[in-house]
Structures are given as structure tokens and as C-alpha cells.
Amino acid sequence: MSGRPPAEDIENSAGATDRTPVDDADVCIVGAGPAGGLVADRLADAGYEVVVLEAGPRFDPTDRLARQEKAIRPTYDRPAVWDSDPERDAHSNSGEWFYPLNHARARGVGGSTLHWQGMVMRLHEGDFNSNSERGVGVDWPIDYSDLRPYYATAEQELGVAGGEMPFGPPREEPHPMPAFPPSYSDSIFADACDELEIAMHPVPNARNSESYDGRSQCVGYGTCQPVCPSGAKYDGTVHIESAEEQGATVIDRAAVQRLDHDADRITAATYATPDGEHRQEADAFVIAAGGVETPRLLLLSDSDHYPDGLANSSGTVGRFFMDHLFAGMGGTLDEPTRQNHVGFLTSESHQFYDDADDEFAPFKLEFFNYAGPSPVGMALTGDDWGDDLLGRLRDDYGTHIAMGGLVEQLPREDSYIGLDESTTDNHGTPVPEIHWNVGDRALRTIERANEIQRSILAELGVDIEWTAGPDSTGPAYHHMGTTKMSDDPTEGVVDADCRTHDLDNCWIASSSVFPTGGAMNPTLTIAALALRVADAVDAAL
Amino acid sequence: MQLTRRDAVSALTALGASVAVAGCGDTGSTQQSDADTEIRETMVAAAEVVYPDEVTGIEAFVTTFLDSRLTGESHAAGVGDAVAAVNDRAESWYDDRFPALSAADRDSLLREVGADTAEPRREGSTAEEVRYYVVNELLLALYSSPTGGELVGLENPQGHAGGIDSYQRGPQA
């Protein structure tokens, strides 16, 4: 192999050269992830003067192969792949459950889609009506039918490869690209699932199964999480670059410190850059900074009029922080399982999803294509080399098999994002305090998912070696629920159009508006809501 | 198992990149400084130890891999320092340069340096830097290549752009 530029020579010189504010901006967007990018692209296309402020850097796309080295070599931890800065990204944990925030996000142009897995499912109809259909949680102020056309557009925009979804919500049109064919590993699972009458079906992937939108077909690098060097996996830079082509201005390393405001409007975003502090005025503001930084910014923007934080008359800013819980199980078979050729999934089962009620949460099951360690990763972490190393690799690689799953957690008032006033970041600003708590319904559901996983693996004859159960689960890195959507201004931060109840010219495009989380990976819903926000801003301007 | 041009250029082909691969298939570029020559000879000599016996074609593979690695100023300096440390130890302990030692002595020297048990670190002890810049550098090259993967039964290892067919194939295909 050759052509691998070394990781340590990444220069990060792709950022803006002028970080001063834009005159006469119509729209200021905070955050250059997929939500901010989609809103910017739509509104720039509609002729508005758009400026995007991004706290992190702009990464040079030609550095991605070098970043892949960081993903493979054990010297680098996961946050280092996208240059997480411990001071810039400082935070604290105070909940019963530890939350590894900087493993769960990437900061920079493209946002966390730079390191995401790329699974893109629509929420089910019942997810929008959890309280009325399942007797727990809350109902969204919108239904699946309100979001359905935006889901279809989002699938086109991101580029989704998918097939028939037997348990999914109704749709008229196929996915923009055909699904990735099932893996050999899937075929091993298929016999057991047939016997147990568990249906397997394709995974919708924001990853090109064929060339799409000027980006290449997946070339099988196998490092989707945390970096795709080929660009076949969608990330937010796609729409940021499109927005720029249509005249939008994107300023990286522009960390918004506060939103200046009067009683019912935001007047400016004050942002810190390496060149000093600036102030961006605009007619409309869209906060698209994710489920942690969005509430943090609102809390930091308190004032005499909003003493508990901007747009926080309801007192719910930061409250109801949710993630999905991981349920998993794996072991080894006495036959080759052909893992680690690619870094994405090709089969899942959503068969049990809509069995959800007040006792059990919705959950989905995943069939892994990358169970067990990768040989190159093992090779770099042993005390051996030569023939001894090869013998160890041959012993340890080849027979692993595993399943995963995601489980919904309910919104809880005692699970929240606050401010840790005792700790400050590189700009002297209080850092986010993460107080993550999970309830019994989610833990019961993890056990339920484990039972099904165990039945499948037992049917296969797997020697089960590990279980991610209620005592060992962790977050799926989907930050949701901290600026809840509600028709009632006393119950939520934004209305059904994702406009804040308190401020006429402020919208939020983020998973932070999710009233409940379902158990589907959230980014397609984030994208659909962002497209809907763009329409709302366009209509209001 | 023979390391081939396919191993050497696979990443370039996948990306359509324009990085030069001068000398691919032979022993590398023709105009090399003494320091560059020392790096290449030492790295090839180390590869002959850390790669399994059944691997052949090591010299061309390693020198071609280094073509892309040594273009990075910081990385090249790190590799150069680690290689110099290895040769210093070889001169002190075995009275000869590392490439001139027998394979058994090269293996012993790397272990005596501590590179077998050290954590790989870019700015660490000699053992840690040798582990990062020499041992792991070479193992990364091999086991993210198709031939390295095939040694283990994985023709498209992580880091190699081997397409989307192999994951669908069974072990007998």
C-alpha cells in the first residue's frame, strides 16, 4: 500500500481567511453540521444573504486519508481523529450516567456527520404519538404526515441507498439508490432468523451504493466511523459547499458566545475567532448546533428579560436530554464469518419496533458486519511481530459474529444539559454540564432486546462472549431533546415550525427539538426538520 | 505471499490521487540523500523481521510505502530520528549498522530497545518512538494492504479501498 499521507502532517489550513461579519445578512445560522448546511443551502438558493458561523475548523478534504491513519493507529483516541481540543470542547458530567461527549460529536464544518455511521431511517408513525399510542412520553405537535414529504426530500438530498422496509412507515417512492446487497455475514444470520420467524431487511444508508450527486460509490475503506476518505458517505460538508456555491458565507472557528436580543427578537450573534470577537447581525437566526451546544448557547444568552436563559420562558431549555441506548451481544462461531470488510451494516430487523407500549420501548435490531477486532488494529497493539503476530491474527480474526440494537429512552426532566459555571472553555465561557439519566423502561427494553439477540445467536450455535445489557449499555451518540417542540409555550421551547415561542426571528434546526426520540438513528429526521425550518424561515422573511 | 504493485498503489487507485509513486515496483527514487538511504535500508531491514516469513517482495513494498510517508516533514523527521536511534544502538551493542545485522540480531535489538512492549508514541521514549515510527509504521503498511489482509483471510482489510464485493462473498468464493 502506498499514497498514505502521514497523520501528523495534517496542517488544517483550509479555514476562512476573513472572519469579519457579513453586511446586510438576512439569515445567520449557528452551526455547520447537516442541519445548518441544509438550511443554508435552501435559503441561499432562494436568494437570501446567508452566513453560517461554525465553532470548529474547516477540514481539508484531502486530509481524510491521513485522518484515517488516526482512526486505525492506537496512538490516537477517537476524538483526535477530528482534532477535538480538550480546552475548546471541555464539559462536565454530573448525572448518574457518564456521557463521553467528545467521543459522541465532531466539531467543525460538517459537524458530527464527519464521524457518523450514516444510518438514515424515518421515525415510525407511533413515534410522533408516544403518549396517545403508547401511554408514555409526549406527543409531538406534528405527525408523520407533516414530515413525510420532507423525509422524501431529505433522502434525495443526503443520498440514501435503501430497499423495501417491511415495518417502516408508508412511503410512495423508492430510495434514491438501491440498497447495498446483504453481506455474507447476513446470510449466516438468515437461517436462524427464518427458524425464529424474525424478518431481516436492508438498512437505509446515507452512503453511495452507486455514484450519486458527484460523489463516488463506496469503495470499502472500512473506516466509516470515524472517517470516510472517499466521500461516498454523506456528511454535512456536501450542503455547506453547495450553499457557498450559491453565495452563502461560512466562517469557521467562529464560536458564538451569546445571542444579543431584545424582548422578542435576536439582534446579533457575538462570536469569538482567532482574530478577536465580532458581531453578526441578521433578520433571522437559525440555531443548528446540536443537542448540547444549542441549549448551552441559549443558557449563556440570559438577560434581564430572560434571566433563566434565552427562549426559556418555559424553563425547559436543556431539559429532557435523551440518547438511544445500545443493546448488543456477540461471540464466535466455529466457521468463518467474514467480518470487517466494510464498516457499515446491510441488514436490520425492525419487526419488534411497533410492539412498544408503556412497559417496553421501541427498539431495533442490527446484524453486524464488523464483529470482533480488525486485524490491522490487532497488529498495532501486541507485544509480538513476525510469524508470532501472524499466528495471533489468524487465531483471533475470522469467526466473530455479533448483533446490536438501539432502544428509546423516555424524556426525563432530571436528564438535562446545564452550565457548569465553575469550568470554562478556551474563550472563558462556562462549559456544558451533562446530567444524563435513564429510566427503567429503557433498561427493561434492553433486556428484551438481549433476549431476542440471545435466541438468534443460540440458534446459530454461537459461543456468546459478551453482552451489552442494562448494566453495561452506553449511548449511541444521538443527542436529543434539549429544546423541546410543543404547541404549549409553557411546555416547550419551539413551536411546531421549530420557531422559538419567545423570539419571533429564531428557529432551531436540531435533534434538540425532538419531544421523544424513538429508536431510529436521528439524522434523517434532523434533515427533514431542517428542510421544514428552511421553508418556515423563507415564509417569514 | 508476494507483496505486489497492487499493494503498493491500492490507496492511490481508489482515490484517483495524484501523489507520485516514483519507483513503484523497483527500489524507489533514484536521487536520495544519505539520510534517506539510511531510513529506507533500515526500514526494509526492520520489515524483514516484523513481517512474517512467508511475505516476499518486501524491499519494493516498503520503499514505495515510504515515498508517500516521507513527504510529510514532521513524520519524516520522526522516522529519521527513530531510525537513527536504532542504528546507534546497533553500533553500540552489535558493532554494526542495523541493516548489516543478522535477522536474529535485528529481532533481538528491537526487543532490547523495548519496542515490543512499548506503547506507540510520537514524542516518547526511544522504545515508544521506535514502536510508533518503525514497528507500527511497517505493520500498518502491511496489514492494511490486500496481501497483508489475505494472510489473515481478509482480502479487503480496514484502510484498503477494496470495493464492495468482498463483504458479500463467502469463504469458499
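What follows is calculated from the coordinates using simple rules that are stated; it is not laboratory data. Note that the structure is predicted; figures quoted are calculated from it, not measured. Cβ: placed from backbone, ideal geometry, glycine included. Neighbour counts: every protein chain shown.
Looking only at segment A:282-302, which residues have a backbone nitrogen under 20 Å from a spot 7 Å from the Cα of A:T423 in the C-beta direction? Answer for segment A:282-302: A:290-301.
Each residue in A:R253, B:R6 was given a count of other beta-carbon atoms within 10 angstrom of its own, and listing them fewest first yields B:R6, A:R253. Counting beta carbons within 10 Å around each of B:T37, A:T523 and listing the fewest first gives the order B:T37, A:T523. Mean projection of the Cα convex hull over all viewing directions, computed for segment A:18-100: 8.5 nm².
Footprinting exposure proxy ranking of B:H160, A:H278, fewest other C-beta atoms within 10 angstrom first, gives A:H278, B:H160. Think of segment A:454-541 as a dipole: +1 on every Lys or Arg Cβ, -1 on every Asp or Glu Cβ, centred on the Cα centre; then among A:G481, A:M520, A:A468, A:A468 lies furthest on the positive end.
The share of Cα pairs per 20 Å bin across chain A, counted from zero up to the longest distance, runs 23, 58, 19, 1 percent. For segment A:484-540, the square roots of the Cα gyration tensor eigenvalues, ordered a ≥ b ≥ c, give a/c of at least 1.5 with a/b no greater than b/c, which places it in the oblate category.
With a ≥ b ≥ c the root eigenvalues of the C-alpha gyration tensor of segment A:106-153, is it rounded (a/c under 1.5), prolate (a/b larger than b/c) or oblate? Because a/c hits 1.5 or more and a/b exceeds b/c, segment A:106-153 counts as prolate. What you get for the protein assembly as shown, charging only the Cβ of Lys and Arg (+1) and of Asp and Glu (-1), is a dipole of about 760 debye around the Cα centre. Sort out for me the Cα centre separation of segment A:273-301 from segment A:462-541, rounded to whole Å. Segment A:273-301 and segment A:462-541 have Cα centres separated by 18 Å. A full extension of the chain between A:D535 and A:D85 corresponds to an added length of 158.5 nm, given 0.36 nm per residue minus the alpha carbon distance.
Dividing the helix sum by the residues of the protein assembly as shown, where each DSSP H run of 4 or more adds -39500 (n - 2.57), gives a mean residue ellipticity at 222 nm of -9500 deg cm²/dmol.
Please label the shape of segment A:122-231 as rounded, prolate or oblate, based on the square roots a ≥ b ≥ c of the eigenvalues of the alpha-carbon gyration tensor (a/c under 1.5 means rounded; beyond that, a/b larger than b/c means prolate, else oblate). Since a/c reaches 1.5 but b/c is at least a/b, the shape of segment A:122-231 is classed as oblate. Taking every DSSP bridge with both residues inside the protein assembly as shown, close to 70 percent are antiparallel.
Of the residues A:P204, A:L390, A:T62, the one whose Cα sits farthest towards the positive end of the charge dipole of chain A is A:L390 (charges of +1 on Lys and Arg Cβ, -1 on Asp and Glu Cβ, taken about the Cα centre). Suppose a student asked you for the relative contact order of segment A:107-235, using Cα pairs under 8 Å spaced at least 6 residues apart; what percent would you report? Once divided by the residue count of segment A:107-235, the mean separation gives 29 percent. The chymotrypsin sites (Phe, Trp or Tyr not before Pro) found in segment A:30-118 that occupy coil by DSSP, while having at most 12 further C-beta atoms within 10 Å, are A:F98.
Loop sites by DSSP among the GluC sites (Glu not before Pro) of chain A, restricted to those with at most 11 other Cβ atoms within 10 angstrom, leave A:198-412 as the longest stretch without any of them.
Inter-label distance, A:A190 to A:D383: 4.5 nm, where each label sits 7 Å from its Cα along the C-beta direction.
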